[in-house]
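A quick write-up on the structure given underneath.
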Amino acid sequence: MLPASASHIVGGEMMYECLGRVVPGHTRYRVWLNIYQDCLGGHQDAIGSDNPAVFAIFDGNGNRVPVGGVVYDLVDSSGDIAIPPNFHNQCVNNPPSVCLRRVTFERIYDLADNASGYYIVYQRCCRNASVINIANPGNTGATYSCFIPPQTTAAVCNSSAVFKNYPPQIICINNPLIYDHSATDPDADSLSYGFCEAYVGGSITYPKPGAGQGAGDIFPPPYPPVTYIGGFNALRPMVGNPPIQIDPVTGVISGMPNLVGRFVVTVCVYEWRNGVIINSVTREFQFVVTNCSKAVVADIPQLSTEFNTYIVECDGYTVQFKNHSTGGFNYYWEFGAGGDPPASSTAFEPSFTYPDTGVYTVKLVVNKGSTCPDSISRLVKVYPYFNADFETDGLPCPKGTLQFKDLSKATYNPVTEWAWSFGDGHTSSEQFPEHAYDEGGDYTVTLASRTVKGCEDTIQKVVSIDRFRPFAGNDTIIVKESYLRFNATGGSEYRWMPGTFLDDTAVYNPTGYYPDTTRLDYVVYVKSENNCEGYDTINVWVVGQAAAFVPTAFTPNGDGLNDVFLPIGIGYNEVDFFRVYNRYGQEVYYADRFKAGWDGTYKGAPANAGTYYWVLKITDRFGKEELLKGDVTLVR
C-alpha cells in the first residue's frame, strides 16, 4: 500500500464550467481536476495509481449525493501535459533537474437544483516529506475540491474562475520572484486574490480514499487545515526580504525568497458579483526554492512596504531609479507614462519626471534581444506632497498629561497610520495620543505617519519637561529651645502647612523656633515658573538634650548603603575636628564639619578592611567642648 502514497503530487486545483440547463430542474456542469506530478522523483507505482481519480459529491448540507447509482465516481484521466520549465538551462547557473506533468480528470454532471449548492471532493495522501513549512508532511494528505453555488431557475449559472499560468517549477534563492498567479472568469465577475489554507485529506493507511472496498472513506466538509510550523502560516507560507506577498487585485506574487526549501502555498481566487463574494477557487502548489542562480537578473529594488512597489514618491514628480540587476550589458526602461513611442531610457539608473499624480508600472529589461534576457516590473506611485508634523498641548511637568496633536499635511488625504515614540520607551499608534513623563528632562519625540496612498514621512522634535522636583529638605532632629532654618527647593512659589512655630509660611526658607520637645510633619507646596505644582514633606523632631552618634562599622562598596563613616551630632554647633587613624597611628582622614565623612580611601586608594580609631572634638550650643573617642570596623 505504501508505494501508492502520493508524495509525487506537488499540487492541484479543481474547477467547473456551467454548460446550461439540460432537463427541467437540472443544470449540467463540466468539472475537472488538475493534479501536478513530480515525474522526476515521484514513485512510478504511485504515479500510475493516480488514474482513475475518485470524486465524491456532497450537497451544501454535507449529505452524500450518489452519481449514476454509485457513491464514488471513478474518473479516468483525459490526458497529461508535460509542463515546460520556467527557465532555460543556459540562463541559470547550476540548474536543478526538474520534471512536472499535469494530469487532468474531467467529468460531466447533471445536478438537481437545490438551495445549498454542491461540493466536489478529491483526496490523496501524502505530501512530499521534504516540505518545511507544515508539520509531518510525509503523513499529511491533501484535499482538492470546488464548491458549485446553489442553482435555481432564476439564478445565473456560474462558472468558476480559471488560473491562467502554470505554477513555477523552481525559484532561485535571493532572486526577485515575480509570478503572475491570476485567473480569468468566463462570467466576467470581478476577481480578488489571497493566500489561504491548505486542507488535510487521506492517510498513510488509505492514501486514496474511496478507491475501493476497505480503502477508506471521503467524508463531507469541512476539512481540517494543515498545521504550519516554524512561524509559517496560511497567510505567510514563505519567507523573503522583501516579504513574499500576493497582490489582492492582480494576483501577482512578488518578493525575494531567502530560505531554501519546499513550501506548500495555497492561493484562493474570489469571485465578486454586485459587491458580494459568490464563490472561490483554490490552487495548492509546492513552491521550491533552490540554490540556483540566474545568469542575468533584472532587479528593481522594492523600497516601499507597498506591494511590489519601487517607491511611493511624495516629495515631487521626479523619481530616481535604482538598478540592482546582475549579469547585464544593456538596459531598457519603460516608465509607464504612456506616449508614442513610450517614455523610455537605456541608462543604468535613469531619473524620470512624471506628468501627474497616479500609479505607474515601470519595466526594466536587461540584455534585451539576447539569448538570456530578463525583465521585471514594479509600481511607482506618485502622490506629492506629504509632511509629517505635530505639536503638544498641556503643562510640561513630570507626571502631567501632555496631548500630542498630529499636524501631518497631505495633498492626498487621509493620513491613516501614526507611529509615535515618546523618547522614554513608550509608544502609541493613535492620532492624538496622551502621554505623561515620569521625570523632567529633554525627550526626542518621533512621529512616523502614513497616508492612505502610501506616503510616509518622519519628524522628530525635542519635548522639554520641567525638571521639577519639589524638596522640603531632609528630616531633622534638633534640641529644644533651638532655631531651625528651612531651605526648600524646586520652584518659585512656596506655601508651608501647618504654620506652627514658623515665622513665614510663604517663603522657601522660613525660620522655626521650638521651645519644647515635639514632633512635627511639615508639608510644603511648590510651584515652578512653568506652573508645575507639587508637594514634599519634612519631619522635624525636637529632643530634650544634645547627643552625638558615631557608627561602629561601615561598608564602602558603592551600593549606596552605609558607604561613608560619618558622625551625627544633635544640638552641637560645630565640629572642631574629626580624625581617623589606622592601626599604625597614621591619620587616614580629617574633617572639621559634621556633614563630611570618610569614604574608606587612603591616598586615593581603597583602605584595607579592619579596625580604625577615631577622635571627635565638638562644641555644643552653650560653648561647652567635648572630646569623644572610639573605633570603627571597615568591612569590604
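The values are calculated or read from the model by the stated rules, or taken from the named source; none is laboratory data. Everything numeric here is computed off the predicted structure, so don't read it as measured data. Here the Cβ is made from the backbone with ideal geometry for all residues, glycine too, and neighbour counts use every protein chain on show. These area figures cover heavy atoms from the full protein model, side chains too; ligands, DNA and RNA do not enter into them. Shrake-Rupley method; radii C 1.70, N 1.55, O 1.52, S 1.80 Å.
When DSSP assigns beta bridges and you keep just the ones with both residues in the chain, what percent turn out antiparallel, to the nearest 5?
Percent antiparallel among DSSP bridges in the chain is about 95.
Could you order peptides 493-499, 375-381 by the average number of other Cβ atoms within 10 Å of their residues, highest first?
Put in order of decreasing packing, that is 375-381, 493-499.
When the helices in the chain are scored as -39500 (n - 2.57) per DSSP H run of 4 or longer and the sum is shared across all residues, what 222 nm value do you end up with, to the nearest 500 deg cm²/dmol?
Computed ellipticity for the chain at 222 nm equals 0 deg cm²/dmol.
Once ligands and nucleic acids are excluded and a 1.4 Å probe is used, how much of His435 is accessible, expressed in Å² to the nearest 10?
It works out to around 20 Å².
In nanometres, what is the gap between the two model label sites at Asn165 and Ser77, each 7 Å from Cα along Cα-to-Cβ?
For Asn165 paired with Ser77, the spin-label model returns 2.5 nm.
Calculate the spin-label point distance for Trp541 paired with Asp521, positioning each point 7 Å from the Cα along the beta-carbon direction, and give it in nanometres.
1.5 nm
Take the Cβ-Cβ distance between Asn531 and Ala596 as r, set R0 to 45 Å, and report the resulting FRET efficiency rounded to the nearest 0.05.
Plugging the Cβ-Cβ distance into 1/(1 + (r/R0)^6) gives 0.70.
How large, in percent, is the carbon and sulfur part of the accessible surface of segment 50-172 at a probe radius of 1.4 Å?
Answer for segment 50-172 is 51 percent, counting heavy atoms of protein chains only.
Quick one: Cα centre-to-centre distance for segment 192-211 and segment 473-530, in angstrom?
Spelled out, the Cα-based centre of one part sits 82 Å from the other.
Spin-label point model (7 Å from Cα, Cβ direction): what's the Val260 to Asn61 distance in nm?
5.5 nm
With charges set only on the Cβ (+1 for Lys and Arg, -1 for Asp and Glu), what does the dipole of the chain come to about its Cα centre, in debye to the nearest 20?
1400 debye
In 5 Å bins starting at zero, report the fraction of Cα pairs in segment 365-515 per bin as a rounded %.
In order of increasing distance, the bins hold 2, 8, 12, 12, 8, 7, 7, 7, 7, 6, 5, 4, 3, 2, 2, 1, 1, 1, 1, 1, 0, 0 percent.
Hey, which lysines would be in cross-link range of Lys527, C-alpha to C-alpha under 24 Å, not counting anything within fewer than 8 residues on its own chain?
Lys399
Using the heavy atoms of the protein chains alone and a 1.4 angstrom probe, what is the accessible area of the chain per residue in square angstrom?
Ligands and nucleic acids excluded, the figure is 48 Å² per residue.
Quick one: accessible surface of Lys363, probe radius 1.4 Å, all protein chains present, in square angstrom to the nearest 10.
We get 90 Å² for Lys363.
How would Cys18, Cys532 line up by accessible area, probe 1.4 Å, largest first?
Sorted descending by solvent-accessible area, the residues read Cys18, Cys532.
Remind me, relative contact order of the chain in percent, using alpha carbon pairs under 8 angstrom and six or more residues apart?
8 percent
Determine, from the Cβ-Cβ distance of Leu628 and Val564 and an R0 of 25 Å, the FRET efficiency 1/(1 + (r/R0)^6), rounded to the nearest 0.05.
Plugging the Cβ-Cβ distance into 1/(1 + (r/R0)^6) gives 0.85.
Cut-off under 18 Å on the C-alpha distance; same-chain residues fewer than 8 positions from Lys629 excluded. Which aspartates and glutamates are left, in chain and number order?
Glu574, Asp576, Glu587, Asp592, Asp620
Relative contact order for segment 325-372: what percent, with Cα pairs under 8 Å and sequence separation of 6 or more?
Reported as a whole number, the value is 48 percent.
Distance from a point 7 Å along Cα→Cβ of Val156 to each backbone N in segment 260-285: keep the residues under 15 Å and list them by number.
271-280
With a 1.4 Å probe and every protein chain left in place, tell me how much accessible area Cys146 has, in Å² to the nearest 10.
For Cys146, the solvent-accessible surface is approximately 10 Å².
State whether the chain is rounded, prolate or oblate according to the following rule on the C-alpha gyration tensor (a ≥ b ≥ c being the square roots of its eigenvalues): a/c under 1.5 gives rounded; otherwise a/b larger than b/c gives prolate, and the remaining case gives oblate.
The shape class here is prolate.
On a 28 Å Cα-Cα criterion, which of the cross-link pairs Lys595/Lys624; Lys363/Lys461; Lys294/Lys453 come out too long?
Pairs exceeding 28 Å: Lys363/Lys461; Lys294/Lys453.
Using θ = phi - 60° and the Karplus curve 6.51 cos²θ - 1.76 cosθ + 1.60, what whole-Hz ³J(HN,Hα) does each residue of segment 295-300 get, with Gly and Pro shown as x?
Those phi angles translate into 5, 10, 10, 7, 9, 9 Hz.
Run the paramagnetic zone check for Thr476: 7 angstrom along Cα to Cβ, then residues of segment 601-636 with backbone nitrogen under 17 Å.
Once the point is set 7 Å along Cα→Cβ of Thr476, 621 turn out to lie under 17 Å by backbone N, inside segment 601-636.
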